[in-house]
Amino acid sequence: MAKPEYYYGVHSVESLLEIEPERVLTLFTLKGRDDQRLKHILSLADPFGVSVQKASRDTLEKLAGLPYHQGVVAAVRPHPVLNEKDLDALLTKKPESLLLALDQITDPHNLGACIRTAAAMGVEAVIVPRDRSASLTPTARKVAAGGAEKIQFIQVTNLARTLAHIKEEFYYHVVGTMLDEKAQPLEKCNLTGAVAIVMGAEDTGLRPITQSQCDVTAYIPMSGQLQSLNVSVATGMALYEASKQRTQA
């Protein structure tokens, strides 16, 4: 049997129990905690016979790897890693999905925040390169606050090649967010239909090889003194614009 993963935080564990309860092996809860949020988590776990163990704060911290566990940690069967074949299956089933591609986002907090927003804005899948990118660590899952269980997280060998593939095989329109001489204001871009929005790392932006697969580049107009945003904030603004357009279409 594969080594279990550990999910922690109220939102993350709740979402897992609501969507994939069969993956939960054991719940570890903080000794002395007896509030309504914990009772709700236990009520979700009870019909599936999930083992519940009371644990000290130190034990929970060791399991989670961090002190910010909110008094609940779940030992979970590992989820299969999704790849290019899973993306093809998704786009065959849902041919006009909204996709989010993240080019070398290495901070798990930023990844989790992007996933949380993506789940809220109707994104079907978040696509990342397998190398030089954050993965779905317990930290990323906690920051995603349940979003990681609601959308597909797909790791691909080569992001640029994957973008080229979905353009050719599924007729996707790829919008890269960056500030160059050809970039359009985001609200001027058509974000309806089969669209993949690509966000780059804060320090380096989109790699040239990724830029080469963008059908159009877009920027977020700003009127303040700063001309850059945290990548998770910029992602939220871009996806909100896409969601608004798609709702009105």
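The values are calculated or read from the model by the stated rules, or taken from the named source; none is laboratory data. Remember, it's a predicted structure, so these values are computed and weren't measured experimentally. With ideal geometry, Cβ positions are generated from the backbone for all residues, glycine too; neighbour counts draw on all protein chains shown. When the accessible area is computed, the model is the full protein with side chains, heavy atoms only, and any ligands, DNA or RNA have been set aside. Shrake-Rupley method; radii C 1.70, N 1.55, O 1.52, S 1.80 Å.
Calculate, for residue 187 and residue 215, the FRET efficiency according to 1/(1 + (r/R0)^6) with r their C-beta to C-beta distance and R0 22 Å; round to the nearest 0.05.
It comes to 0.85.
What is the angle, in °, between the Cα long axis of helix 10-19 and the longest principal axis of the Cα atoms in the chain? Nearest 10 is fine, range 0 to 90.
That works out to roughly 90 degrees.
Sorted from largest down, give the three principal axis spans of the alpha carbons of the stretch 1-120, whole angstrom values.
Here the Cα extents, ordered largest to smallest, are 48, 32, 31 Å.
Quick check on packing: order 136-143, 59-66, 45-52 by the mean number of other C-beta atoms within 10 Å, highest mean leading.
The packing order, highest mean first, is 136-143, 59-66, 45-52.
Which order do the peptides 179-185, 165-171 take when ranked by the mean count of other beta-carbon atoms within 10 Å per residue, highest first?
Going from most to least packed, we get 165-171, 179-185.
So what is the 222 nm mean residue ellipticity for the chain from helices alone, if each DSSP H run of at least 4 adds -39500 (n - 2.57) and you divide by all residues, rounding to the nearest 500 deg cm²/dmol?
-11000 deg cm²/dmol
Counting only heavy atoms of the protein chains, get the accessible area per residue of the stretch 96-241 (1.4 Å probe) and round it to a whole Å² value.
45
State the antiparallel share, in %, of DSSP beta bridges confined to the chain, rounding to the nearest 5.
In the chain, DSSP labels about 25 percent of beta bridges as antiparallel.
Students often get this wrong, so try it: which of (1) 17.5, 54; (2) 20.8, 76; (3) 19.4, 59 is Rg and Dmax of the Cα atoms in Å as calculated from the structure shown?
Derived directly from the coordinates: (3).
First compute the accessible area of the chain with a 1.4 Å probe, then give the percent of it belonging to carbon and sulfur atoms.
Carbon and sulfur atoms account for 51 percent of the accessible area of the chain.
Skipping prolines and chain starts, which residues have an amide H placed within reach, meaning under 5 Å, of the one on residue 107, given they are 5 or more residues away or on another chain?
Correct list: 134.
Give me a comma-separated list of calculated 3J(HN,Hα) values for the stretch 139-152, in order, Karplus coefficients 6.51, -1.76, 1.60 applied at θ = phi - 60°, integers in Hz, x for any Gly or Pro.
5, 4, 5, 5, 5, 5, 6, x, x, 5, 8, 9, 10, 7
Report ³J(HN,Hα) in whole Hz for each residue of the stretch 101-109, in order, from the Karplus equation J = 6.51 cos²θ - 1.76 cosθ + 1.60 where θ = phi - 60°; Gly and Pro get x.
These are the phi-based 3J(HN,Hα) values: 10, 10, 9, 6, 8, 9, 8, x, 5 Hz.
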